[in-house]
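Worksheet for the structure shown next.
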Amino acid sequence: MTTNDWAKHIQKFLFLLKDDFFELPYLSNSPQVMLDSLIKLPVMKHNALKQLISSDNAFWKGKMRYRKIEEGFWILETNIALKENVLAKATYTKDHLKDYYILSFSVFEYKFPFKGSEDIILLSTCWTFYKPETEVATYFYKGTEGKFFNIAMNKEWVDQNIKSGKFCKKGVLENFFNTQKGFYTWLDLAPKAHVLSKKISKILEAEDKINLNTLELRKCSMKLITEFFNNSFEDSRIADNISLSNLDYYNVAKAEKMILHNLQSSFLGIDKIASEVNTSPTKLKANFKIVFGFSMLQYHKEKNMLLAKQLLQNSEVEIQIIAVITGYESASKFAAAFKKRFGQLPSVFREN
């Protein structure tokens, strides 16, 4: 596909309903190409002076603020509230360079309906990193609200600022930043990221100081990158640097969607998920761990544990009810699992 084909592509695929999700395609060759592709959508409004794209349509309400910090280095902040299930699909054109890496930090509220109670909310914090030409599929659920930051870095900027910088003491980044495709996700990886992201938001929202706060924005963005790399070597995925096909990444995204959609139930099982995704259980199992660093069962359990932790911290829901919400047969089994994960029984954690 070329840029000239984009208008026809949009007419055919924009908000196409597939598997209960409305598709939102966008171009991801570079931040500028991405912005150009979004601005051309009929549901978008663009204010070039404020460097702001906004939309309030039948599918979502949101704002994207963007800044080109310097050549080859951008940051984009998106706030979004979903009115329908939306599948955002990154794609690429042949007539533009494909040389940008994207590091994304996101904080989203997922709502889970629970019989006889108000919706249960899981605050999900994660990092994703994807390399050029990786066609990323991201599922956003109706009723979900959140914010994400995309830090975009082209290959030349990476060569000058990361490969040759202090990060290389880890000894594996030069191999990691290569031409292979790649998409990786880490859950709640870097605690300091929340404070840094709030500072970045405050800078971006100061629309009357766009030309005055570039240095501060660069400083905070570099700290966010540092926070990511200082914590991302806990598993071996950056060192292993395994590249999958775009179809494999898409299948992993669909598998994650199924797990999240059935979080408060028992684990669906690898065979069932693989059948729905239309791939082999062995292949899906291996690919899922490459992307998320967890097996599918571990991912299901980890998300449930994070949900339980938040309910204990931020609600008065009884522990027995939390056990049911998070898919455990009994409060005792839930308590044992919680203690194994966080080092305390749920009752002690709540008291503290």
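Results, tabulated for the structure shown:
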read-out	value
Residue count, the range 282-326 (criterion: of a type in the set (Gly, Ala, Ser), surrounded by fewer than 18 Cβ atoms within 10 Å (Cβ to Cβ) and touching a residue at least 24 places away in the same chain (Cβ under 8 Å))	0
Cβ pairs under 6 Å, 6+ apart, first in the range 160-180 and open to solvent by less than 40 Å² (accessible area, probe 1.4 Å), second among the aromatic types (Phe, Trp, Tyr) and at pLDDT 75 or above	Phe167/Phe229
Residue match in the range 214-227 (condition: farther than 15 Å from Thr128 by Cβ, touching a strand residue (DSSP E or B) at 6+ places or on another chain (Cβ under 8 Å) and either surrounded by fewer than 17 Cβ atoms within 10 Å (Cβ to Cβ) or modelled with pLDDT under 90 (or both))	yes
Residue match in the range 260-274 (condition: within 22 Å of Leu189 (Cα to Cα) and charged (D, E, K, R))	no
Which listed residue is outside any helix (DSSP H, G or I) and either charged (D, E, K, R) or farther than 15 Å from Leu122 by Cβ (or both), from Ser265, Ser275, Ser243	Ser243
Sole exception among (1) modelled with pLDDT under 95; (2) in a helix (DSSP H, G or I) for Glu316, by number	(2)
Options Phe228, Phe267: the member that is touching a His at 6+ places or on another chain (Cβ under 6 Å) and among the hydrophobic types (A, V, I, L, M, F, W, C)	Phe267
Residues of the range 196-234 that turn out to be among the aliphatic types (A, V, I, L, M), over 18 Å from the mean Cα position of the chain (by Cα) and assigned to a helix (DSSP H, G or I), as a count	5
Among (1) at pLDDT 95 or above; (2) touching a Lys or Arg at 6+ places or on another chain (Cβ under 6 Å); (3) not polar (S, T, N, Q), the one test that Glu207 misses	(1)
Residue within the range 260-268 that is touching a residue at least 40 places away in the same chain (Cβ under 8 Å) and over 25 Å from His300 (Cβ atoms) present	no
Count - residues of the range 18-50 that are assigned to a strand (DSSP E or B), more than 12 Å from Tyr92 (Cβ to Cβ) and under 22 Å from the mean Cα position of the chain (by Cα)	5
Test for Thr128: is it of a type outside the set (Gly, Ala, Ser), within 16 Å of the chain's Cα centre (by Cα) and over 24 Å from Leu263 (Cα atoms)	no
The range 252-267, residues that are open to solvent by 40 Å² or more (accessible area, probe 1.4 Å) and either over 12 Å from Leu284 (Cβ atoms) or modelled with pLDDT under 90 (or both)	His261, Asn262, Gln264, Ser265, Ser266, Phe267
Number of the exception - Ile75 against (1) assigned to a strand (DSSP E or B); (2) β-branched (Val, Ile, Thr); (3) at pLDDT below 95	(3)
Leading residue by the ranking (least open to solvent (accessible area, probe 1.4 Å)) among those in the range 95-132 that are touching an Asp or Glu at 6+ places or on another chain (Cβ under 9 Å) and assigned to a loop (DSSP other than H, G, I, E, B)	Pro132
Filtered residue count, the range 36-71, keeping only those that are modelled with pLDDT under 95 and open to solvent by less than 20 Å² (accessible area, probe 1.4 Å)	3
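The values are calculated or read from the model by the stated rules, or taken from the named source; none is laboratory data. Note that the coordinates shown come from a computational prediction; the quantities given were computed from them, not determined experimentally. Methodologically, a virtual Cβ is constructed for each residue, glycine included, from the backbone with ideal geometry; neighbour enumeration extends over all protein chains shown. Side chains are part of the model used for accessible areas, which takes the heavy atoms of the whole protein and leaves out ligands, DNA and RNA. Shrake-Rupley method; radii C 1.70, N 1.55, O 1.52, S 1.80 Å.
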